[in-house]
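None of the figures in this text is laboratory data; all of them are computed from the coordinates on show. This structure is a prediction, so every number in the text was calculated from the model and none was measured. Neighbour counts are summed over all protein chains in view; Cβ atoms, including those assigned to glycine, are modelled from backbone coordinates with ideal geometry.
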């Protein structure tokens, strides 16, 4: 067994499809398949059951999985220990975030890093969570604050907090009655939402699709305040995390609770090499910051 095989094992167990797992690992599907077959031959047992639709870990595969994750984490720690022993901080910290996550003060984190270590070269970008996960996985970012960790592969992920989802609607809208709204009432409604690279969009698409809610996304925006303004102007309703509804700009809108089976808005930080000096510094500040 080698580390590359462990990386492929973890990716395939998480993605449950050879095509997606190969994309996560940055290799061809045939290369991933050959590596998994080689591992199974070495261990003398099947690690996955394969069908035309998905791949599932066998009992043997599930038994190996936590050891594979540990091996990958220990290898990363070993590499980073050597780096710390041989050199000072590289002077660069690349951070990405989705806009207005609500659970973590990313701007405050940037300020603390800059004040404590003014020679660290900070690079900061905003994008949708799915794009940020990909860029972190591809080593274009050191860490990213996201609200979706699908396709994270072997990335280190730590949950930072969660919030409920609510519905925003302009006063006078048929849905803006009472304090809560059922799934059936949302069927056929016009929505304001974000592009598909944003976590809230994929979360909304999934929850509505699973509950048979057909919706029309009339406006897709890249800015939280633009979404609030378009809802206020009657262009549609919006499903958002509770902290968005609490913004002063949304005070003219009705906020309605969703049914109890609505998923939560979960914010996490993901990192490719969590113990590298600059990344470890940022994670330590996050851990020491009040929630």
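Across region 168-219, the convex hull enclosing all Cα atoms gives 83 Å³ per residue. Note on region 147-189: Rg/Rh from Cα positions, Kirkwood definition for Rh, rounded to two decimals, is 1.20.
As a rough guide to protection, the peptides 181-188, 112-119, 100-107 ranked by mean Cβ packing within 10 Å, highest first, stand as 100-107, 181-188, 112-119. All Cα-Cα separations within region 3-146 were binned at 10 Å from zero, giving a P(r) of 10, 30, 29, 21, 9, 1, each value a whole percent of the pairs. Summarising the strand pairing of region 165-263, around 60 percent of its internal DSSP beta bridges are antiparallel.
How large, in Å, is region 106-239 by the Kirkwood hydrodynamic radius built from its alpha-carbon pairs? Intermediate values should be presented prior to the final figure.
Values: mean 1/r = 0.0586 Å⁻¹.
Value: 17.1 Å, from the Cα pair sum.
Applying 1/(1 + (r/R0)^6) with R0 = 22 Å to the Cβ-Cβ distance of residue 139 and residue 73 gives a FRET efficiency near 0.85. Computed from the C-alpha gyration tensor, the three semi-axes of the ellipsoid equivalent to region 168-291 are 31, 16, 14 Å, from longest to shortest. Three semi-axes describe the equivalent ellipsoid of region 3-85; taken as square roots of 5 times the Cα gyration tensor eigenvalues and ordered largest first, they are 24, 15, 11 Å.
By DSSP, the beta bridges lying fully in the chain are antiparallel in about 60 percent of cases.
Taken over the chain, the percentage of Cα pairs per 10 Å bin, counting from 0 up to the bin with the maximum distance, is 6, 24, 27, 23, 15, 4, 0.
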